[in-house]
1. Scanning segment 699-713 for residues that are farther than 27 Å from Val416 by Cα and within 34 Å of the chain's Cα centre (by Cα), which turns out farthest from the ligand (Cβ to nearest atom)?
2. Right, Asp638: farther than 30 Å from Gly573 by Cα, at pLDDT 90 or above and within 13 Å of the ligand (Cβ to nearest atom) or not?
3. Name the residue that is nearest to the ligand (Cβ to nearest atom), counting only residues in segment 659-675 that are at pLDDT below 90 and not β-branched (Val, Ile, Thr).
4. Hey, among the residues in segment 217-252 that are of a type in the set (Gly, Ala, Ser) and at negative phi, which one's nearest to the chain's Cα centre (by Cα)?
5. Would you check if Asn578 is assigned by TED's automatic domain parsing to the domain that holds Gly60 and either small (Gly, Ala, Ser) or buried (at least 21 other Cβ atoms within 10 Å of the Cβ) (or both)?
6. Taking segment 581-611, which residues are exposed (fewer than 14 other Cβ atoms within 10 Å of the Cβ) and among the acidic types (Asp, Glu)?
7. The conditions are (1) in contact with a strand residue (DSSP E or B) (Cβ under 6 Å, 6 or more places away or on another chain); (2) closer than 18 Å to Gly455 by Cβ, and Gly514 fails exactly one of them. Which is it?
8. Looking at (1) assigned to a loop (DSSP other than H, G, I, E, B); (2) surrounded by 23 or more Cβ atoms within 10 Å (Cβ to Cβ), find the lone condition where Gly229 falls short.
Amino acid sequence: MRRLGFIRGVAAVAVAAVLLLPGSSFAQQTSGGSTPAFRAPTDQELTETKSGGVNWITYGGALSNQRYSTLDQINTSNVSTLRGAWLTRLGSARGSKYIFEADPLVIDGVMYIPTGNDDIFALDGKTGRKLWEYNSDIPQTNDLICCGWDNRGVASGMGMIFTGQLDGSFVALDQTTGKVMWRTQLEDYHDGYSITGATRYYDGMVFTGMSGGENGIRGRVYGLDAKTGNEVWRFYTIPGPGDIGGDTWPAPTNPDPVLAQAYTHGGGTVWQAPAIDPELGMMYFSTGNAGPDYLGQVRPGDNLFTASIVALDYKTGQYKWHFQEVHHDIWDYDAPSPVVLFDQTYNGQVRKGLSEPGKTGWVYYLDRTNGQPLIGINEVPVSQEPRMATAATQPIPNGDKFVKDCSTDPIPGFPVLGCMFDAFYDVPVVMPSSASNFSPSSFDPQTGFTYVMGGETLTGRAMKPEQFVLGKRYTGGAAVTPLDTPILNTITAMDSRTNKIAWQHELPGDRSYGVVSTAGGVLFKGQVDGNLVAYDAKTGDELWKFQTGWGISAPPMTYSIDGVQYVAVASGGNRGGNSTTDGDAVWAFSLGGTIDQVAAPPPVQTKTALSGPVVKIGQPVGRVDTQGQDKLFEGTIDTVDYAFTPTRVSIPAGTTLTWSNSGSVIHTATATNGNWDTGDITPGSSADVTFNTPGTYSYNCNPHPWMLGQIVVT
Ligand SMILES: [Cu+2]
């Protein structure tokens, strides 16, 4: 359903009813009837724009990715009166597989926003009224998308709107009509490639990376001719033999064919909008984990340029410098957040800075002319596991982390607790999961603070031998979440002068996914519980909170039309334990807004629990967004090192379940209450248990108590 009704003169009380209608829109005022200006920013405008202002012309507000706005109509003294100006339901990407992560553009009053289905909408920024719509028609059978279907943002230039798509293609639309101008298929999604990162336009070119770091792909970034879509250059984030950094991978002459080919599956994906410094002529981006994620032994070496910041000549794609945050990553520690360019004074000297919050929980502050640390980063010896070919040292920045470094409280079933860089092999070591994610940080030149979002959950990491198969997941291990452990997150102001915490809040639930700071001294942050929150940027005091009705997994942004400042955010749910088939809302707020907050979605998860769907006989064993979709559950539970798949099943009384061990060591399925037990199941063999009494049965593996399963007998 793609209807978009525009409702005039309806009292705010009718909003609740309108909320139920996807494809509807509610505004406090009617539009003035003026013709919208579908204008693209000029290159001069992109060059000169240092932060967001009246317009938000490119991802992050400027080529710097700063997510700072010079607007100050909404400020610390009046933000408490902020209310909804309009709310639009797009009627696109409605389903639990989608996550709404977009940072919209606003140029001369027109908003451009993509949904998780790569559908793009042009909206009137004053009313939310739909002006045009592009339907991507991407294949819905793509089962290799890692972490929800999403599109983080589009770009505008030369009268066009540009976007990468989840099917590995890239399109340019007429900015006035939304009609396709050109389309180029960069990679085949069947091979595990997709585009999720926001796209950047500058100087007649468009830039995009490729996602798919869990699928054994080789990371790459493209510079395309914006007029034609033709490839101008391509940079492999995993260098080949003879390239700079190529010697950090096993040589292709290695007698072991798996090692010889390791660099062709090395990961290093790019799922963020690059930042560009027009003066230096450089483009900067952050890269993802090394692949396969946990199987360090097949790729001895530092594995450049994974988990790194890379600088290129944006015109030619030529390598300039790199900084690696994690050597020989075996933890899935991406450098996942967009890099931010800023200027700051150190020792009396103004330096050209670059920052990026990593999955390690540190912010890396670098000199963007050469990649050297601004504050100090030391190579420190770390724990070793020769079978994983661990790196001898890891770079540890001076200053504070924005999450805890270690797991310390005892957890039943998990004998080994550890810290961020601890090595592991086949027994899971429980350690912090991942601090940052794609969550775009913000640099506020007024406070000098970098605002970062951190996740604080625990995970047990272990390797398992695995072979590469084209078009299948290839992670070589598992990250097992211990049950009943807390899910916490942090919002932190890091002082860019010292890399020390200026203020911090620790909150329950999954992390937030982006902020915007403003000259009004207000920092806006969306939360997965549906609240948009305003903080005093200087002190961290909470000033305002507004329930949008769905979880927020997108960064808020701000713009101005006819002298009125608006704050806008996409609200789409499907994070933090909430799932919805309904999340397609875009909200805009203003001081004169008249729309009240709405009912909250179900509360978010604050403790880990057995997750995933309860699978019935005949249903796919995996989630809809994984490769498990192609296998149906017929009463056999695949027992591998170290998981039961499917984890949760539902069967009628009288059913016999079979546990089939396709792993390499002995496993069992043992009832938590001791009432039933398969006994030892050796590799290659299986065991049966018949369930006659309705009820819910939890079980785990005796030798590996972190392997958990659940059976619902009806
Ligand atoms: Cu086991």
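1. Among those residues, the one meeting the criterion is Val712.
2. yes
3. The selected residue is Gly663.
4. Checking each candidate, the answer is Gly219.
5. For Asn578, the condition - assigned by TED's automatic domain parsing to the domain that holds Gly60 and either small (Gly, Ala, Ser) or buried (at least 21 other Cβ atoms within 10 Å of the Cβ) (or both) - is met.
6. Asp596
7. Every listed condition holds for Gly514 apart from (1).
8. (2)
The values are calculated or read from the model by the stated rules, or taken from the named source; none is laboratory data. The shown structure was predicted, so the numbers you read here are calculated from the model rather than taken from an experiment. Every residue, glycine among them, receives a Cβ derived from its backbone with ideal geometry; neighbour counts consider all protein chains shown.
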